[in-house]
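Just below is one structure, and these are the notes that go with it.
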Amino acid sequence: MTARRPLIAGNWKMNMHKADGIALATAVAARYRALGPASFDLLMCPPATLVDAVVTAVAGTGALVGGQDASAHEKGAHTGDTSAWALAALGATYVIVGHSERRVDHHETDAAVKAKAAAVLAAGLTPIICVGETAAERQAGETLAVVARQIKGSIPDGTTAEAIVIAYEPVWAIGTGLTPTTADVAEVHAAVRRDAGAVLGGGADKLRILYGGSVKPDNAKAFLSLEDVDGALVGGASLKADDFFGIASAVA
Ligand code: PGA
């Protein structure tokens with residue numbers, strides 16, 4: 001076991017309205033609280049519309065709340081965007097940036113992700129910076145090169161390993177039920193730690209690196225017990241309290 005505190009993060013994506021979102025957050029947070037002093041952080045990232053309500057629902061349980069994206073700007077003429085400072089004011093403590101669905105659907109480049117991560121840090125929050133290769137890139141043997149390029153391009157200047165989290169999410173494993181082998185995950189996470197350490201100028205042993213992509217209760221333990229895997233970023237399975245907590249239990 002490493003000294004890094006594990007982080008189990010749920011990415012609700014564009015799911016849940018007010019009542020069902022509050023019910024889910026309340027159920028998950030109650031189970032987290034029932035553990036007593038937890039040995040890991042538990043985070044839920046609802047749609048921006050629900051951050052306020054979910055923060056209220058989990059108050060006093062120790063469960064954390066985050067956003068799924070944030071603008072590179074603090075405020076101003078950016079119709080439809082969400083400010084990291086506004087998320088912070090609601091009580092969010094983390095923001096996912098550079099998720100592959102944002103990189104693909106909204107053409108976010110590494111430079112854009114880096115600017116967003118910098119804004120999240122400036123707002124006093126922790127960015128979860130997502131990286132990962134496509135199926136074609138893996139088949140071409142480019143996984144480590146792609147991830148290295150994304151890490152170099154997406155980590156803000158002048159930050160530290162403790163201030164950020166990186167999530168390795170192979171694009172082809174997201175929402176598909178497919179996963180890399182544990183050997184593949186171990187290899188990429190070790191490379192992420194090495195590459196990020198070089199960008200950060202040290203402290204890589206303090207960097208939390210999450211695995212994401214079809215994490216379920218029945219495969220969580222296999223990934224979470226790997227040396228360089230410090231938690232999980234969970235999509236589909238974070239929408240059911242039993243499944244999400246089943247995954248969290250793998251580190252409890
Ligand atoms: P999944 O999504 O768990 O549904 O594969 C993971 C993610 O996109 O963060």
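Output the residues belonging to the stretch 1-34 that are of a type in the set (S, T, N, Q), away from the ligand (no atom under 16 Å from the Cβ) and not in a loop (DSSP other than H, G, I, E, B).
Across the stretch 1-34, the qualifying residue is only THR26.
Return the residue satisfying two criteria in turn: it lies in the stretch 127-151 and is β-branched (Val, Ile, Thr) and buried (at least 23 other Cβ atoms within 10 Å of the Cβ), and of such residues it is nearest to THR176 (Cα to Cα).
The qualifying residue nearest to THR176 (Cα to Cα) is VAL131.
When you go through ALA72, ALA92 one by one, which is the residue that is modelled with pLDDT of 95 or more, part of a loop (DSSP other than H, G, I, E, B), of a type in the set (A, V, I, L, M) and over 24 Å from GLY236 (Cβ atoms)?
ALA72
Which one of the conditions (1) out of contact with any Pro (no Cβ under 7 Å at 6 or more places or on another chain); (2) over 20 Å from PRO170 (Cα atoms); (3) touching a residue at least 12 places away in the same chain (Cβ under 8 Å); (4) of a type in the set (A, V, I, L, M, F, W, C) does ALA112 fail to meet, given that it meets all the rest?
For ALA112, the exception is condition (2).
Please go through the stretch 95-117 and give me each residue that is of a type in the set (Gly, Ala, Ser) and under 14 Å from the mean Cα position of the chain (by Cα), ordered by number.
GLY98, SER100, ALA117
Considering every residue within the stretch 95-104, establish whether at least one is among the β-branched types (Val, Ile, Thr), out of contact with any helix residue (DSSP H, G or I) (no Cβ under 7 Å at 6 or more places or on another chain) and over 20 Å from ILE166 (Cα atoms).
No; the residues of the stretch 95-104 include none that is among the β-branched types (Val, Ile, Thr), out of contact with any helix residue (DSSP H, G or I) (no Cβ under 7 Å at 6 or more places or on another chain) and over 20 Å from ILE166 (Cα atoms).
Working only within the stretch 204-243, note down all residues that are under 17 Å from the mean Cα position of the chain (by Cα), closer than 21 Å to MET14 by Cα and either within 8 Å of the ligand (Cβ to nearest atom) or basic (Lys, Arg) (or both).
Result: GLY212, GLY213, SER214, VAL215, LYS216, LEU233, VAL234, GLY235, GLY236, ALA237, SER238.
The values are calculated or read from the model by the stated rules, or taken from the named source; none is laboratory data. From a predicted model like this one, the values you see are computed outputs, not experimental measurements. Note that we place each Cβ from the backbone using ideal geometry, even for glycine, and neighbour counts take in every protein chain shown.
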